[in-house]
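Structure record follows, encoded as structure tokens.
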Amino acid sequence: MPVEPNDAARILVVDDEKVIREILAEFLTLEGYSVASVEDGEKALTELRIRPYDLVITDLKMPRLSGLQLLERIGEENISVLTVIMTGFGTVETAIEAMKKGAYDYLLKPFKVEEVIHVVRRALYRQRLQAENIRLREALTIYKVSEAIALSHDIEHILDVVLRAALDEVKADIATLHLLDPRSGSYEERVKVVASDSAPHGAPAPAFAVLAEQFAQGAPILAHGGKAGRFFTEQHAPDELSSFVAVPLQVRASMVGVLNVFSFTPGKKFDEGHRKLLSVLASRAASAIDNARLYGELRASNDSLTRANLSLEEMFQQTVAGFAQALEESDLYTRGHSERVAVYSEILTRGLTLPDAEVRRIVQAGVMHDVGKIGVRYDMLNKPGKLTPEEVAVFRQHPEKGKRILEPVPCLHGLIDGCWCHHEWFDGGGYPRGLRGHDIPLVGRVVAIADAYDAMTSDRAYRRALPHEVAMGEIERCAGTQFDPELADAFIQLVEAWRRGMIERGQGSLIPR
Ligand SMILES: [Fe+2]
């Protein structure tokens, strides 16, 4: 038998005969056990309630409370201890009855010392296996619960899993979990699980101040019957409460909640093992809840950031639309021009497979490209005849003016190049700066083509719209001088493809003739 005598297992000997008590105590102590003895069942019960024992060796016939009655009470009170009964020769039937009531083994009087030691060792071995099984089961429960809640960001789900495990593991009638509301400082009942028919309607609410004080002193809350009453306010003291355990949920040394289990089943009491198991569950729950809250906060601030960004984006779009509108109002002949330049710019940039953000920026620059014309006199813009050299000089200021209009608005800085550079020529012959080739920003080279194509294919104050083919021929002819030749080539192909698509979709009336 693998039980070592020096395990110092605790044995309680119960017999009304002094000599039997002394003999058993003496040689079991010699064997290395820690032994106590009492003379009747009543005293044994009192002793078992105070201190934990691994084994009770009890006589059957005793005054006040017999051995069989003691067995019954141990069962009723759910005391975790193995019992071996002693009985006189010829009363085997009684011994069998005792084993039916939960005794582990029996000894027939008069017994031999070796026999007693053999039975005791066997009983203790069994006791240890049972304890290990319980520990293993508890470890498994904790492992499963931890797995189930570790990655959850849903507090209700975490509470459900933890409460269900608490209820099942300690066979409680009710389990509740109260979480501290950080804003109000009060405890709010989040989830309640009622398991058995013997549970009353509604779970009792503990007096949280009393619990908190007890937890702060490091004192466990495990109470039975009337003694549990002090953990509830007078008007909420539950009737017929059999047993009660409360354990704190702690995050970084502060209490964020309480896990409670209640037994209303007569004789069903929780023990220290249950309390420890619940403590571990509560600690896992506390960190999972903390994680879920942090995740929630992170997501909320992310959401509000996204909302703020969205409203900035909307504001930006409105600003762009406002400028474009102001421009159109000042130049009736170019009505719709900005929008169309944006459309052609998009056809070209999407065809070049530029990143989305760059496409958006260039499209907006297309809308805004002539914003500088807001500063040019209306009568000059709509003049039917040729402009005088002075007028040309004023007109040619519009890219610079556009730049100056956008500069004070930081969110419009990305559009400056489109306004400033759309009259530059690829060969350096454009204005305002005479930039050449790829020194002209891409947005400037794109908008230049889109602008020219739309200018040619729409009516102006000084001439009628040119046919699409003529405009395309002009773009091809000016590739390499006015326009970036690669972009001009791509533009011709992409716009042709776009026109074919429009005609196929029955939208041919919307394209230049
Ligand atoms: Fe322009």
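The values are calculated or read from the model by the stated rules, or taken from the named source; none is laboratory data. Just so we're clear, the structure is a prediction, and the values are computed from it rather than from any experiment. Using ideal geometry, Cβ is built from the backbone for each residue, glycine included, and neighbour counts are taken over all protein chains shown. With ligands, DNA and RNA removed, areas are computed over all heavy atoms of the protein, side chains included. Shrake-Rupley method; radii C 1.70, N 1.55, O 1.52, S 1.80 Å.
For this structure, a couple of remarks:
- Lys, Arg +1 and Asp, Glu -1 on Cβ, resulting dipole of the range 397-483 about Cα centre, debye, nearest 20: 240 debye
- Cα-based Rg and Dmax for the range 279-352, where Dmax is the largest Cα-Cα distance (Å): 24.5, 80
- Residue pairs, from the table K101/K269; K101/K227; K100/K171; K61/K101; K61/K227, whose Cα atoms sit over 21 Å apart: K101/K227; K100/K171; K61/K227
- Accessible surface, the chain, averaged per residue in Å² (probe 1.4 Å): 51 Å²
- Cβ-defined net charge surrounding K100, 15 Å radius [Lys, Arg +1; Asp, Glu -1]: -3
- Placing dummy labels 7 Å off each Cα toward the beta-carbon, the span from K112 to Q493 is 10.7 nm.
- Across the accessible surface of the range 427-513, with the other protein chains kept in place and a 1.4 Å probe, carbon and sulfur atoms take up 49 percent.
- Treating r as the C-beta distance of T481 and Q317 and R0 as 35 Å, the FRET efficiency rounds to 0.50.
- Value of [θ]222 nm, deg cm²/dmol, for the chain, DSSP H segments ≥ 4, -39500 (n - 2.57) each, nearest 500: -17000 deg cm²/dmol
- Each part reduced to its alpha carbon centroid, the range 67-81 and the range 16-64 end up 14 Å apart.
- Expressed as a whole percent, the accessible surface of the range 1-144 that belongs to carbon and sulfur atoms is 54, based on a 1.4 Å probe.
- Fully extending the segment from F27 to R460 would add 143.8 nm, taking 0.36 nm per residue of separation and subtracting the current Cα-Cα distance.
- R0 of 60 Å, Cβ-Cβ distance R126-R307: FRET efficiency to nearest 0.05: 0.40
- Carbon + sulfur, % of accessible area of the range 300-412 - ligands and nucleic acids excluded, 1.4 Å: 59 percent
- Unit charges on C-beta of K, R, D, E only; dipole of the chain, Debye: 720 debye
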